[in-house]
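This report refers to the structure that appears directly beneath it.
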Amino acid sequence: MRPEDIELSRRYADILSVRGNAERTIDNYIYAVKGFAQFLGERGLSSATADDIVAHQLAIKASGRSDSCVRVATYALRGFLERVLEREDAKLAKLPRPREPKRLPEVLSSQEVVAILDAAPSPKYRAAFMLCCGAGLRTDEVVHLLPRHIDSERMLIRVEQGKGKKDRQVMLSQSLLEELRSCWRRYAPKCHLLEGKRPGQPIDATRRYQPARGPDAPRPPEPQHHRRLHPPRQDLAERGQEPARHPEGQGPEVRLPLLPRPALPALRWD
C-alpha cells in the first residue's frame with residue numbers, strides 16, 4: 001500500500017475505535033480496505049468511487065468467496081467511503097443480497113453431549129463445556145465469567161458485555177450449579193470463575209486436547225458447525241418427558257445424566 005493509503009487506513013481504524021467497534025471488527029474492516037487498495041492498484045484509495053466498490057464486490061464473488069465475505073467488504077468499504085473520504089454516494093455502493101439456503105441444524109443427542117463432557121481433560125474444562133452446552137455461552141463469555149455473575153437464588157447467569165457489548169441473563173440449571181460449586185471448592189479461584197494455571201488469569205480457551213481412548217471406547221462426535229447441544233423434542237416425547245418451557249429468548253436446558261451428589265447449602269456469588 002502507498003503511504004497515503006496507509007494513513008487513510010489508520011484514520012479509518014481510529015474512527016472505528018472511537019465508534020466502539022470490537023477489535024475483531026476493526027481488523028476485518030482494515031483487511032477489507034487493504035484488499036480494496038490492491039484491487040485499485042496505482043489509483044489509490046482517495047480516488048475510489050461507489051462504482052469501484054461494486055466492481056470489487058463482483059471480483060470477490062467471482063473468486064469463489066462466501067457471501068459473508070462480500071457483505072463484510074460492503075460494510076467496510078461503504079463506511080470508509082462515507083466517514084473517511086466523506087463521499088455522498090456511499091449508499092450506492094451495494095449489491096442485492098443473495099438468497100441464502102436455509103438448512104435445519106443437526107442436533108446432538110444427550111449421549112453425544114455426555115461423550116463430549118466425559119472427554120474433558122479436567123473438571124474445570126468439563127464445567128466450561130457445560131456452560132457452553134447448558135447455558136449457551138460463547139467461549140469468550142465463559143473465560144471471563146466472575147463468581148459474582150452466578151446467582152444461585154434466582155438460578156441465573158449474568159453475562160456482561162458479550163457479543164455486541166450487550167449484557168444478558170441466561171438460565172442456570174441445578175446440575176451446572178453443582179458442577180461450578182465443585183470446581184470452586186477444588187481450585188479456589190482468586191478472580192475468574194474458571195482460571196488457568198496462573199492464579200488470576202482466565203482459563204485457556206485455545207487448548208487442544210486429545211483424550212486417551214481404548215480400542216473399544218466410543219469415539220466422541222466430531223465438532224460441526226450449527227449443531228445444537230440439546231435433545232430434540234421428539235426424543236423427549238419418546239422417553240415420556242414433557243419438553244421444558246423456557247422464557248422467551250432463552251435456550252432450552254441440557255438434561256445431563258450426572259452422578260448423584262450430596263446436598264449443598266445454597267450459595268450466592270455476588
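The values are calculated or read from the model by the stated rules, or taken from the named source; none is laboratory data. Predicted model only: the values in this text are computed from it and were never measured. We place every Cβ from the backbone using ideal geometry, glycine too, and count neighbours over all the protein chains shown.
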query = Got a number for residues in the range 162-176 being touching a residue at least 60 places away in the same chain (Cβ under 8 Å) and farther than 22 Å from residue 20 by Cα?
reply = 4
inquiry  = Here are the criteria: (1) out of contact with any Leu (no Cβ under 7 Å at 6 or more places or on another chain); (2) of a type outside the set (Asp, Glu); (3) surrounded by 12 or more Cβ atoms within 10 Å (Cβ to Cβ). Tell me which single one residue 197 does not satisfy.
reply    = (3)
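Listed here are the residues, each with its yes/no results for (1) at pLDDT 85 or above; (2) not hydroxyl-bearing (Ser, Thr, Tyr).
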site: 56; (1), (2): yes, yes
site: 91; (1), (2): no, yes
site: 114; (1), (2): yes, yes
site: 139; (1), (2): yes, no
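For residue 72, indicate whether it is surrounded by 12 or more Cβ atoms within 10 Å (Cβ to Cβ) and assigned by TED's automatic domain parsing to the domain that holds residue 140.
Here the answer is no, as residue 72 does not meet what is asked.
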ask   = For the range 162-181, which residues satisfy the criterion of being over 15 Å from residue 129 (Cα atoms) and assigned to a loop (DSSP other than H, G, I, E, B)?
value = 162, 163, 164, 165, 166, 167
request  = Within the range 8-39, count every residue that is surrounded by fewer than 16 Cβ atoms within 10 Å (Cβ to Cβ), not charged (D, E, K, R) and not in a helix (DSSP H, G or I).
outcome  = 2
task = Taking the options 110, 122, name whichever one is among the polar types (S, T, N, Q) and in contact with a Pro (Cβ under 8 Å, 6 or more places away or on another chain).
result = 110
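Out of the range 182-204, which residues are assigned to a loop (DSSP other than H, G, I, E, B) and among the hydrophobic types (A, V, I, L, M, F, W, C)?
188, 191, 193, 194, 203
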task = Check every one of the helices (runs of 4 or more DSSP H) wholly within the range 40-143 and list those with 2 or more residues that are small (Gly, Ala, Ser).
result = 50-62, 67-79, 110-118, 123-135
query = Any chance the range 134-142 includes a residue that's of a type in the set (Ser, Thr, Tyr) and surrounded by fewer than 15 Cβ atoms within 10 Å (Cβ to Cβ)?
reply = yes
task = Could you pull out the residue among 142, 159 that is touching a Leu at 6+ places or on another chain (Cβ under 7 Å) and without any contact (Cβ under 8 Å) to a residue 60 or more places away in the chain?
result = 159
